[in-house]
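The values are calculated or read from the model by the stated rules, or taken from the named source; none is laboratory data. Remember, it's a predicted structure, so these values are computed and weren't measured experimentally. All Cβ positions, even for glycine, are placed from backbone atoms using ideal geometry, and neighbour counts span all protein chains on display. We work out accessible area using only protein heavy atoms, side chains counted, and drop any ligands, DNA or RNA first. Shrake-Rupley method; radii C 1.70, N 1.55, O 1.52, S 1.80 Å.
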Amino acid sequence: MKQFKAESKRLLDLMINSIYTHKEIFLRELISNASDAIDKLYFLSLTDDTVGLAREDFAIWLAPDKEGRTLRISDNGVGMSKADLESNLGVIARSGSLAFRSEHEAAEDKVNSDAAGREDPLGGIDIIGQFGVGFYSAFMVAKKVTVISRAFGAEEAWKWESKGAEGYTITETERDAVGTDIILVLKDDTDDESYSEFAMDYRLEQLVKKYSDYIRYPIKMEMSRTRKKIGSESAFETVTEMTVLNSMVPIWKRGKGEVGDEDYAAFYKEKFNDYTDPARVIQSSTEGTATFNALLFIPATPPHDYYTKDYEKGLRLYASGVLIMEKCGDLLPDHFSFVKGLVDSQDLSLNISREMLQQDRQLKLIRNALERKIRAELGSWLANDREGYEAFFKNFGLQLKVGAYAGFGAEADNLKDLFLFYSAAESKYVTLAEYVGKMPEGQRYIYYAAGDRDSQARLAKLPQARRVQDEGYDLLLLTDDVDEFVLQVMRQYGEKEFRNVSGGDLGLEDAAEKEAVEKQNAENKEMFDFMKEALDGRVAEVQASGRLKDDPVIITASGGISLEMEKVLNSMPAGEKIESSKVLELNAEHPLFEKLKALYADDQDLLKTYTLLLYDQAMLIEGLPVEDPVAYSRRVSELLAK
């Protein structure tokens with residue numbers, strides 16, 4: 001028995017126990033190796049008539065034996081000589097496929113030019129596996145592996161046999177035709193692992209569909225099928241037929257004229273378990289620093305768990321049609337996590353790196369290209385199909401806004417033109433660009449009012465909103481919790497800053513109005529201080545207002561935390577309670593203001609009651625909870641009785 005080299009023993013142990021997450025991928029590896037072997041012989045057939053096989057003659061066969069607990073994977077590819085077996089399988093991680101590619105690069109160029117009008121022999125055929133690595137995944141499920149192979153041009157065949165790290169033997173044997181058989185003797189079942197499933201035809205069919213559906217050669221296996229007996233209307237019989245398990249040509253590699261909207265919809269619903277057609281299909285094909293094909297879908301409705309911690313983002317990742325990962329989260333930024341679909345790249349090799357993709361440079365290039373493509377597609381959707389885009393934004397706009405706020409606003413500039421906000425003036429959703437484009441001359445700020453999802457109508461009627469609207473300015477009504485945080489992290493759109501109508505200076509007062517407010521604050525300072533003290537820390541200031549017209553009172557906030565932000569932050573389960581710096585603003589032109597001044601002079605106890613009542617009213621106007629509803633009701637009753 002020949003021994004593996006010391007480093008090969010260590011790698012074999014790593015291969016079996018650590019590198020691959022799921023044991024079932026052994027079949028993907030062995031099928032990929034078989035496909036590579038066929039690629040090599042097909043390449044030779046284009047210039048060597050002695051091969052004697054046409055394109056349609058090549059295939060891969062699976063032959064499970066449930067009783068004998070074996071699985072045979074066979075191909076009619078180029079095969080291996082004794083030296084090949086020694087070289088490729090005696091040293092783990094050596095790739096005969098890569099050596100083949102290197103040796104034939106010059107010949108490939110010549111064949112490509114000579115084969116005009118025929119299938120591109122290797123330009124469209126990638127060496128998708130590395131035999132020396134993927135082959136050893138077989139030991140995850142097999143206690144003994146036998147390889148019988150006959151190389152093209154050879155009369156003799158050779159058998160390589162191993163039970164694992166202790167070593168291997170190579171002996172002469174017989175095989176009728178060129179190609180390779182790999183026979184696995186499956187491990188015994190345990191309480192934790194079932195290896196018997198890999199000798200069951202239905203399970204093998206599932207794995208081929210999952211991982212190797214787009215291998216370019218037919219993968220065949222005898223399958224039992226139930227059908228009606230010929231000549232009978234009611235009698236059925238079970239027959240065994242050689243069945244092709246894979247579709248071979250990926251939908252994303254078919255010509256434009258071969259695939260219609262219905263085909264994409266059917267593919268999406270079957271592969272991504274949705275019962276509705278996708279709202280949008282995005283195709284991308286890129287060559288250069290990152291070569292890949294992508295077929296992406298935007299769902300018509302969010303998955304039931306989309307806005308929960310259980311949702312897992314990610315795209316299916318293929319290497320030349322072979323599935324590497326069911327959900328590769330690294331291919332999508334969080335703000336585009338709603339996108340479903342797949343990426344097929346020729347730049348990703350089927351080797352150890354498939355389970356360690358986080359550091360793969362090609363993966364990062366693909367991610368960046370996909371992000372640009374999705375963003376551009378959403379922009380086009382917004383510009384050309386407003387109704388469709390608004391339906392999309394209703395479903396997934398919140399995720400875009402969360403993405404803009406996350407990371408200290410790092411993505412805000414990239415996403416800002418995709419946002420929609422409700423316009424009080426137009427009674428419909430508008431973009432920030434549309435709002436700014438319709439601003440009257442002289443308007444300095446983008447004005448907004450923030451509340452919850454049920455407060456849209458109330459926000460448009462806020463007393464402080466009236467001043468903005470009376471100036472002829474539009475008002476954005478923000479009703480998602482994250483909205484105001486997004487605008488704050490953005491700070492401005494173009495040259496226009498954002499201003500909350502319930503925040504600080506709105507920039508609407510002229511010099512005369514400012515002077516009048518300052519005069520009222522100076523003249524009534526003692527009364528305002530008294531009222532502030534009566535509110536016992538509930539407000540930072542009581543002052544005259546420059547933003548009220550007909551209403552007597554409002555509550556606003558100064559500083560970085562608005563009233564709505566306070567409510568949102570305090571609704572979160574953890575953390576200390578946040579308080580905004582509240583300001584009680586009084587309309588000095590309202591008749592009630594004279595009443596307050598009279599009470600300050602004659603009945604300060606009653607003024608205290610008025611102050612508490614006005615504070616509660618201001619909180620109700622703002623949509624905030626009243627601290628003590630019973631006390632509020634009692635004060636109203638007392639004043640009504642006077």
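Miscellaneous remarks
- For the stretch 285-318, backbone nitrogen atoms closer than 15 Å to the point 7 Å from N414 Cα along Cα-to-C-beta are found at no residue.
- A helix-only calculation puts the chain at -11000 deg cm²/dmol for mean residue ellipticity at 222 nm, using -39500 (n - 2.57) for each DSSP H run of at least four residues, averaged over all residues.
- Taking a ≥ b ≥ c as the square roots of the eigenvalues of the alpha carbon gyration tensor, the stretch 485-642 is oblate, as a/c is not under 1.5 and a/b does not beat b/c.
- The alpha carbon gyration tensor of the stretch 514-558 gives principal lengths a ≥ b ≥ c with a/c of 1.5 or higher and a/b no greater than b/c, which makes the shape oblate.
- Residue pairs, from the table K428/K496; K340/K416; K209/K271; K271/K313; K23/K209; K438/K514, whose Cα atoms sit over 18 Å apart: K428/K496; K340/K416; K438/K514
- Surface per residue (accessible, 1.4 Å probe) for the chain, Å²: 48 Å²
- Cleavage-rule hits (GluC sites (Glu not before Pro)) in the stretch 468-575: DSSP loop, at most 11 neighbouring Cβ within 10 angstrom: E495
- Of the trypsin sites (Lys or Arg not before Pro) in the stretch 400-438, those whose Cβ has at most 16 other Cβ within 10 Å and which sit in DSSP loop: K438
- The structure shown yields P(r) over Cα pairs in 20 Å bins from 0, in percent, and of the options (1) 17, 49, 29, 5, 0; (2) 15, 34, 23, 17, 9, 1; (3) 13, 26, 13, 10, 11, 10, 9, 6, 2, 0 that calculated value carries the label (2).
- Protein heavy-atom surface of the chain, 1.4 angstrom probe: 47% of the accessible area is carbon and sulfur, with nucleic acids and ligands not counted.
- Ranking T431, M490, F528 by how far each Cα lies toward the positive end of the dipole of the stretch 402-557 (charges on Cβ) leaves T431 at the top.
- Each Lys and Arg contributes +1 and each Asp and Glu -1, all at the Cβ; summed about the Cα centre of the chain, the dipole is approximately 980 debye.
- Computed on the stretch 492-617, with alpha-carbon pairs under 8 angstrom and 6+ residues apart, the relative contact order is 27 percent.
- Calculated FRET efficiency for the pair R453/E526, C-beta based, R₀ 41 Å, to 0.05: 0.45
- Efficiency of FRET between A574 and M242 - r from beta-carbon atoms, R0 51 angstrom, step 0.05: 0.25
- Think of the stretch 286-402 as having a plus end and a minus end, set by charges on the Cβ of Lys, Arg, Asp and Glu; of G397, G288, V322, G397 sits farthest toward the positive end of this dipole.
- Cβ-Cβ FRET estimate between E441 and K394, R0 fixed at 30 Å, reported to 0.05: 0.35
- Gain upon complete extension [V636, A154; 0.36 nm per residue less C-alpha separation]: 163.1 nm
- Sparsely packed trypsin sites (Lys or Arg not before Pro) within the stretch 526-556, loop by DSSP, other Cβ within 10 Å at most 14: K549
- Potential lengthening between Q3 and N273 on full extension [0.36 nm per residue; Cα-Cα distance subtracted]: 92.4 nm
- Using the average count of surrounding beta-carbon atoms within 10 Å as a protection proxy, the listed peptides 301-308, 592-599, 148-155, 459-466 rank, highest first, as 459-466, 148-155, 592-599, 301-308.
- Extension gain (nm, one decimal) between K209 and D334, 0.36 nm per residue minus Cα-Cα: 42.1 nm
- For S581, the residues 5 or more places off, or on other chains, whose built amide H falls under 5 Å of its own are S558, I561.
- Spin-label model distance (nm) - Y202 vs Y311, 7 Å beyond Cα toward Cβ: 3.4 nm
- Over the stretch 402-550, Cα pairs under 8 Å with separation of 6+ residues give a relative contact order of 23 percent.
- Projected onto its three principal axes, the C-alpha set of the stretch 583-642 covers 31, 25, 16 Å, listed from the longest axis down.
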